[in-house]
Each structure stands twice: as structure tokens, then as C-alpha cells.
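Visitor: Here it is, the structure in full.
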Amino acid sequence: MGQSVSSAKFTTRRDCNHSQRFYSKSTVLISPMKTEEAEMIDELSDSISDLPDECLACVFQSLTPADRKRCSLVSRRWLRIEGQSRHRLSLNAQSDLHPLIPSIFSRFDAVTKLALKCDRRSVGIGDEALASISERCRNLTRLKLRACRDLTDAGMLAFAKNCRGLKKLSCGSCTFGAKGMNAVLDNCPALEELSVKRLRGIIDGAAAEPIGPGLAAASLKTICLKELYNGQCFGPLIIGARNLRSLKLFRCSGDWDKLFPLIMDQVTSIIEIHMERIQVSDVGLEAISNSLNLEILHLVKTPECTNAGLGAVAQKCKLLRKLHIDGWKANRIGDHGLITVAKSCSNLQELVLIGVNPTKLSLEMLASNCQNLERLALCGSDTVGDAEICCIALKCIALKKLCIKSCPISDHGMGALASGCPNLVKVKVKKCRGVTPEGADWLRANRGSLSVNLDMGEHLDVTANDGVVQDNGDGIPPVVAGQIGAPGIASSSTARSTSFKLSGLLGGRSFMACTLRRLASSNGSSRS
């Protein structure tokens, strides 16, 4: 008894001291006294609570999507205001979205810009889901559809009847056809922008149903067609869009030389034409030259266009400001066409030449006559050397940005930029073997305000001579590029593909090292 009592007294004294210390600390932690900082926080929270819904909505609209989601969890009021103030919404348009549509759009009832995107391997929403969305978003002004392959002409018709205020439609990899597109054009008179890519439901050949013009033709300002088997079925729409400002055609099959004369006879307000890998020749360019208000022209990989067609456009379209030419190294456009541009287009501000071989003769003419030239890009040209760069440095007074890629220039040509082009602010040089890092550093040192970006197009761990990945000292033997089915990986592949192959190759190093260690340990254990 006595021992137990004495031990109890000793234990109680120790526990008492410990409990007093713990109590003193805990009382500090849970002290109800408010500091000045806490009072300021309370006052701030009260002031935020007093803000009207309109002010909170303005705050939410200036936040990123992630911050908006976090703020919506603060309170029920913030959740309601965030939903009512959200005008842009992007949804995963899989088939399981259909039952969630009422709850989603009861919260986001002010959406005007909607994107419905579906994975190509998944089953997308159908006509009923799109019709249900249109009934709850009658104020929709922009719609983007991506890979919604289960939508048909009937679904597009139901949508168009409910969303008559639609101003912009962008659809890609969908399967509805000409009837669905005509339904939109007939029921959405305010449509201003139309972008169509890989519309699988359009029938190829003479039996294809024409698209347009419809009620939207009067309001359309931009038409963009990409990768269409029969893009010419949009001909009636383009011809009927009398207020069209921008026409972009990317990889659309068919003979466009027959259609451009009809377009240019009816549409006189076009200021931008973009043609990439379509069947067009000087005949089409002759027709385009009748668009006297043309300001922007892109000729990308159209090998049938020659100096004659470019000269015809330049002589009539004197308001041309931006000219992009990708000659595809066909040598159909060169000095003769560029000299005509220099003589006729004095307002030229941006010139991009890819796969074109201009010489000092045409570049000097462009630099002398186009006094407003601010942006110049020369890529993949075998004739642009130091003499041409020196000419540009001497003549291009207004030049602000210069890009040179895969051209035979050296440090001597770059040195001319140190004293030339007084308004130059940025120079980008890529894959020009004659330009060294020392030359770029010298240019930066002698012209401190100039931003010089040098990309040698080389990668670590790769040598162009033997095409092997060098050993970095981690005990793994070097791997020959030919052994992985990629001979000449450093010289033939692009920078992006090279880095991708190297990442896939080097990604297995940890696995190889682990395997080697296991083999070594197993051998050691067997010997012992």
C-alpha cells in the first residue's frame, strides 16, 4: 500500500507539472482574445459580404478558371454568383453528359460561349442532348463542336431553331452533312464566323448537295474551310456572302480556279485570303487580283502559282499589307514576282518568304520601296547570304523584327545588324550553320537594346557524325541509333521528333540500370 501510495504521489507530481505546461500552451493556442490582425480580417470579410452581386460577378470574371472553381466553394452565395456570371463553358461531350444537362445549365444559365469536345474513341452526345442544351441556352452566340460524331442533320436543325442569335460556329470531325449546315445558315441570320474542318457527312462528287447561301450569307464575315473532300460545295455560300472579309482554305480538294472568278465577281469586300495546299494556279490569282481591297494574302504550298500570278495581284491590290509565300522550293516564285510587289505595294508591312530564293536584287528593291516594312522572315532560302543581310541592314529603316532560318549566312552578315536597321528590336536566327554563339554574343554586346535569339538546332547527347547517344557516365553502354530503327536521327529528323525519340530512348535508362543491378546482386549471391 505504501509503495503504491508513494509511487502514486510521485507520478501525480510529474503529471501535474506536465499538465500545467500543456495547459499553459493550450491556453495560448485557444485564447479567445482577438489580435488587431484578426480584427482586420473580420472587417475585410464583412466588407466582402456587403459587396453586391454585380461587383462579385465582375471579380469572378477577371479570375482564371481554376480560381473561379475555388471561389465557388466558399459559400452558397458565391456558388450561385459564380454560376450566373460564367459566360464561357467547355464540356466533355460524351454520351453520359445527357442526364446531367438540366443540372449543369440550371447553374450556368448565362452561358453564351459553349464548347463541346469528345474523345475520338468515345461515344459522343446525340441529337437529343444537343437539342436539350439549345433549349436551355437560347442566348448562345458561339458554339464549338469537336469529334461529335453522333450528331446528325436533325440535331443541328433543332439546335439552329432554338439558338437564332448564334454568331460563330466552329465544327471539326463531325458527321452531319449539308442539310445540317444549311439548317444553321437558314435559321441563324446573325452568323458572322463559320469554321468547318473534316465534315464527314458531305458527299463527295457531283451528287453533293450545295451549301448556302441562306439567311446568314448577308452577315457572314469569315469563312474557314479545312481538310474537306468536297469543299467546293460551299461555293454558293461563299459567292452569296457579299460582306465577306476573310476567306481561308486549307487542304480542300477540287479545282478552285473555276470558282474564284465567280467569287470575285460577287464579293468585293474581301481583305484577307489564305490558301494552303489547294489546287489553284495563276488563273485563280488573276481573279483574286480584282479584289482591290485585299490587304492580307497567304500562298502556302501552291506550286502552280508563279511570278505572273503574284505580279497580277501586286499590280492591282495596292493596299497589300501582309504577304506570306511558302514556295515549297518549287522555284515558281522568285525575284521577278517580288520586284513587282516592291514596285506596286508600298504599304507592305509584313513579308514572309519560305522556300523562296530571292536575291539581293529583289530584296534591295523591297527594302527601298517598302518603307513601312516592319516584319521580315526568310526561311529555307539557298540564296540569302551575308550580302543580302547587309543589304537589309542598310535599307530597311522601319524593320522591327527579323527572322532567318536555314539560310547560308555567317557572323559577318549578323554583324551588319549592329549598325543597321535603327528600329530593329528582335532578331531570331535558327539552323544557320554559319552563325556562332560568339557572333550572337558580339551582336548583343554592341547593340544592347536588341533581343537576339539564336537556335543552333542541336541537342545534347547526340552527335551528327556517328549518330549515337553518348555515355554520360552512369554505367550504361552507348546505344547506336541504327539499332532502334532510326538511322541518321540527328541529321534527318526535325528538332521536335529528335527530342521525342531521345526522350523515349533515354526513358528506359532507369529500367536498364535497375535490371543490371539485379543481375549483379543475383550473381553475387550465387557465388557466395
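The values are calculated or read from the model by the stated rules, or taken from the named source; none is laboratory data. Quick caveat: nothing in here was measured; it's all calculated off a predicted structure. Cβ sites come from the backbone with ideal geometry, for glycine too, and all protein chains shown count toward neighbours. Calculation scope for accessible area: heavy atoms of the full protein, side chains included, ligands and nucleic acids excluded. Shrake-Rupley method; radii C 1.70, N 1.55, O 1.52, S 1.80 Å.
Visitor: Which one is modelled with the highest pLDDT among residues in the stretch 65-86 that are under 27 Å from SER122 (Cβ atoms) and surrounded by fewer than 15 Cβ atoms within 10 Å (Cβ to Cβ)?
Guide: ALA66
Visitor: Only one of these is in contact with a strand residue (DSSP E or B) (Cβ under 9 Å, 6 or more places away or on another chain) and closer than 15 Å to ALA312 by Cβ: LEU228, LEU285. Name it.
Guide: The match here is LEU285.
Visitor: Hey, among the residues in the stretch 217-233 that are modelled with pLDDT of 95 or more and open to solvent by less than 20 Å² (accessible area, probe 1.4 Å), which one's farthest from the chain's Cα centre (by Cα)?
Guide: Of everything passing the filter in the stretch 217-233, LEU220 is farthest from the chain's Cα centre (by Cα).
Visitor: Please go through the stretch 98-128 and give me each residue that is hydrophobic (A, V, I, L, M, F, W, C), in a helix (DSSP H, G or I) and under 20 Å from LEU157 (Cα atoms), ordered by number.
Guide: Selection gives ILE101 alone.
Visitor: So, SER122, is that one assigned by the TED database to the domain that holds LEU151, in contact with a helix residue (DSSP H, G or I) (Cβ under 8 Å, 6 or more places away or on another chain) and surrounded by fewer than 19 Cβ atoms within 10 Å (Cβ to Cβ) or not?
Guide: yes
This table checks each residue for (1) surrounded by 17 or more Cβ atoms within 10 Å (Cβ to Cβ); (2) within 16 Å of LEU285 (Cβ to Cβ).
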position	(1), (2)
GLN315	no, yes
ALA342	yes, no
CYS345	yes, yes
THR359	yes, no
GLY380	yes, no
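Visitor: Right, something else. Need the failing condition index for PRO210 against (1) touching a Lys or Arg at 6+ places or on another chain (Cβ under 9 Å); (2) open to solvent by 50 Å² or more (accessible area, probe 1.4 Å), just the number.
Guide: (1)
Visitor: Kindly indicate whether ASP127 is more than 15 Å from LEU91 (Cβ to Cβ) and open to solvent by less than 60 Å² (accessible area, probe 1.4 Å).
Guide: yes
Visitor: Let me ask you something else. What single numbered condition from (1) open to solvent by 10 Å² or more (accessible area, probe 1.4 Å); (2) not assigned by the TED database to the domain that holds LEU424 fails to hold for LEU353?
Guide: Single failed check for LEU353: (1).
Visitor: Considering every residue within the stretch 321-328, establish whether at least one is open to solvent by less than 40 Å² (accessible area, probe 1.4 Å), outside any loop (DSSP other than H, G, I, E, B) and touching a helix residue (DSSP H, G or I) at 6+ places or on another chain (Cβ under 8 Å).
Guide: Taking every residue of the stretch 321-328 in turn, at least one turns out to be open to solvent by less than 40 Å² (accessible area, probe 1.4 Å), outside any loop (DSSP other than H, G, I, E, B) and touching a helix residue (DSSP H, G or I) at 6+ places or on another chain (Cβ under 8 Å).
Visitor: With (1) at positive phi; (2) modelled with pLDDT of 95 or more; (3) out of contact with any Ser or Thr (no Cβ under 9 Å at 6 or more places or on another chain) as the list, and ARG277 as the residue in question, which single condition is left unmet?
Guide: Every condition holds for ARG277 apart from (3).
Visitor: For the stretch 88-119, which positions are among the aliphatic types (A, V, I, L, M) and surrounded by 13 or more Cβ atoms within 10 Å (Cβ to Cβ)?
Guide: LEU89, LEU91, ALA93, LEU97, ILE101, ILE104, ALA110, VAL111, LEU114, ALA115, LEU116
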